[in-house]
1. Taking a 1.4 Å probe, which of E5, E273 shows the most accessible area, and what order do the others take after it?
2. Could you list which residues have their amide H under 5 Å from that of S415, counting only those 5 or more apart in sequence or on another chain, with H placed in the peptide plane?
3. Along its three principal axes, how long is the stretch 404-466 when you only count alpha carbons? Whole Å, largest extent first please.
4. Can you tell me the convex hull volume per residue for the stretch 308-376, based on C-alpha atoms, in Å³ to the nearest whole number?
5. I'd like the accessible area for R213: 1.4 Å probe, protein heavy atoms, all chains in place, Å² to the nearest 10.
6. Provide the gained length on full extension for the span S137 to E217, in nm with one decimal, where the gain is 0.36 nm per separating residue minus the Cα-Cα distance.
7. Packing-wise, with mean Cβ within 10 Å as the measure, how do 63-69, 458-464 rank, highest first?
8. With unit charges on the beta carbon (Lys/Arg positive, Asp/Glu negative), name the residue among S417, A428, G375 whose Cα is farthest towards the positive pole of the charge dipole of the stretch 372-482.
Amino acid sequence: MDIAERPTAIGLSVGSGSQVIGLLDAGFDVLAVVEADRHSFETLAGNLHGSRTKVVHGGTREFDPATLGLAPGETDLVFGRITQFGLGNSGDQFPPMLNIVDYLEPRAVLIEYPEALLTPPQRYEDYRNEIRKCLESLGYKVQEWRQFRLHDFGVPQAGSVAALVALKHEYEKFYCPPRQSEETPLALDQFLEPSMRKRFTEAPRATPDHAARAFHEWLMKAAWHKHGRDAMVPRLVPLGASSVRPSRNDHRAWRELGIDVSGIAYDDKRFAERDLFGPYGPKLTVGQAALIQGFPSTWRFSGRVLNAYRQVVESSPPWVAGRFGQRILDALRRNPDAAKAREEVREVRKTIGEIDDLDPLEFEYFVADLMARDGYRIISSGGGPGDGGVDVRAEADLNVLVLVQCKHFESGNNSVSPSVARQIAGSAAYERGPTVPIVVTNGRFSKQCVEEATKNRDVRLVDRAALTRWSERGEPMAAVIR
């Protein structure tokens with residue numbers, strides 16, 4: 001097949017279709033999708049009715065590509081989601097998915113999976129190695145096997161997504177990982193103002209003045225997340241049985257935006273009083289949650305309210321698959337600009353002044369980029385509450401785990417206290433196998449911190465001078481660590 005034509009894709013365990021939407025937008029022709037969950041299957045069937053995409057109800061383990069007339073070598077991409085995994089797990093979805101990859105021989109593979117497969121990193125290390133070896137034996141090179149923050153895809157949400165990308169070797173040098181989007185994400189009020197205004201206006205038991213005041217109060221709370229990274233909203237909070245676990249701060253964060261996520265709103269106006277005028281603000285409808293998640297307004301979800309909402313929450317935003325799809329398509333078409341961009345990624349550099357201008361989270365991701373440039377396999381980046389001081393987790397050769405704590409200061413004259421070295425050493429002590437704890441700063445290390453680092457599991461240090469060599473001059477991390 002001439003890859004300049006519209007490339008083809010097959011989806012396995014695709015949920016309610018977010019990957020399908022993203023890959024269609026990226027330019028793939030999705031020939032078939034397979035889904036076992038009844039409600040998700042009905043969602044797919046309803047939205048893809050009349051399209052070329054064949055929707056199959058069933059599990060990946062039972063799916064036979066030959067029944068659809070799919071021959072080896074005719075498919076460009078196999079994509080899907082993994083929700084169950086692990087050696088000895090009877091429901092492990094990786095083996096049947098890889099069997100289909102073996103049969104179809106696609107040029108590329110894209111798989112989203114639970115972040116639990118990466119953290120704690122040592123727990124499933126042997127399992128990940130087995131998957132990698134299997135793909136390599138089938139002629140693929142794994143390009144991605146890590147977490148990405150949603151914000152890098154232009155998604156205005158906190159959180160991340162874990163993805164595996166593998167390509168046949170002849171396309172490897174043309175694949176460039178998705179980089180941070182330069183587009184300004186929409187703020188919550190921009191997403192929801194039209195639908196929320198309509199809901200308040202049409203509330204049957206509210207006077208116009210009462211409805212207008214309540215709407216304006218919500219709008220003022222939602223509108224303060226306006227610019228850049230501040231436009232991010234919390235993750236959607238699951239309700240009932242769900243594989244997604246909210247953080248303890250998610251409910252509070254939504255309340256600060258004027259949204260009550262303790263329940264989901266019904267489209268039926270008879271429940272408007274309950275769903276709009278509660279003490280913590282209005283509840284979201286399924287349609288509004290879907291807009292936040294990035295689904296098009298025309299996409300409809302099958303099942304009762306909680307079933308429909310679960311499908312939204314357990315989906316990654318379609319933008320994620322869309323961005324991966326664009327990068328994969330560039331590789332399959334051997335786009336020379338993509339090859340150039342790949343080399344530029346390997347030459348990640350910033351001056352120390354540019355580093356000083358970063359905020360602490362941006363600094364953490366930049367350190368991860370530098371480590372990826374040096375050949376480390378990034379497991380996760382961007383710490384948060386309860387991270388134990390670990391902002392970047394990575395794997396080095398020989399299955400060595402690298403834990404990094406990043407300390408960023410507006411001024412490079414600040415010094416790092418000894419408690420930082422103790423904290424990262426404590427986190428390293430809980431890991432199984434060889435572990436290297438590191439502290440990276442754009443400032444300095446106090447004498448007491450250096451002494452503490454030497455005493456506590458030999459914590460490695462990268463100070464301002466070393467960071468300058470690492471970032472500006474392009475020296476490898478191993479050469480600048482002390």
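1. Values: E5 105, E273 80 Å².
So the residues, ranked largest to smallest area, are E5, E273.
2. R444
3. That gives 36, 18, 17 Å along the principal axes, largest extent first.
4. Details: hull volume 9.9 nm³, N = 69.
Per-residue hull volume (Cα only) is 143 Å³.
5. 150 Å²
6. Numbers: separation 80, 0.36 × 80 = 28.80 nm, distance 5.88 nm.
Gain on extension, S137 to E217, equals 22.9 nm.
7. Working: 63-69: 13.3, 458-464: 20.0.
Packing proxy ranking, top to bottom: 458-464, 63-69.
8. S417
The values are calculated or read from the model by the stated rules, or taken from the named source; none is laboratory data. It should be emphasised that the depicted structure is a prediction, and the values quoted were computed from it without experimental measurement. Backbone-built Cβ (ideal geometry, glycine too); neighbour counts: all protein chains shown. The accessibility values were calculated without ligands, DNA or RNA, using every heavy atom of the protein model including side chains. Shrake-Rupley method; radii C 1.70, N 1.55, O 1.52, S 1.80 Å.
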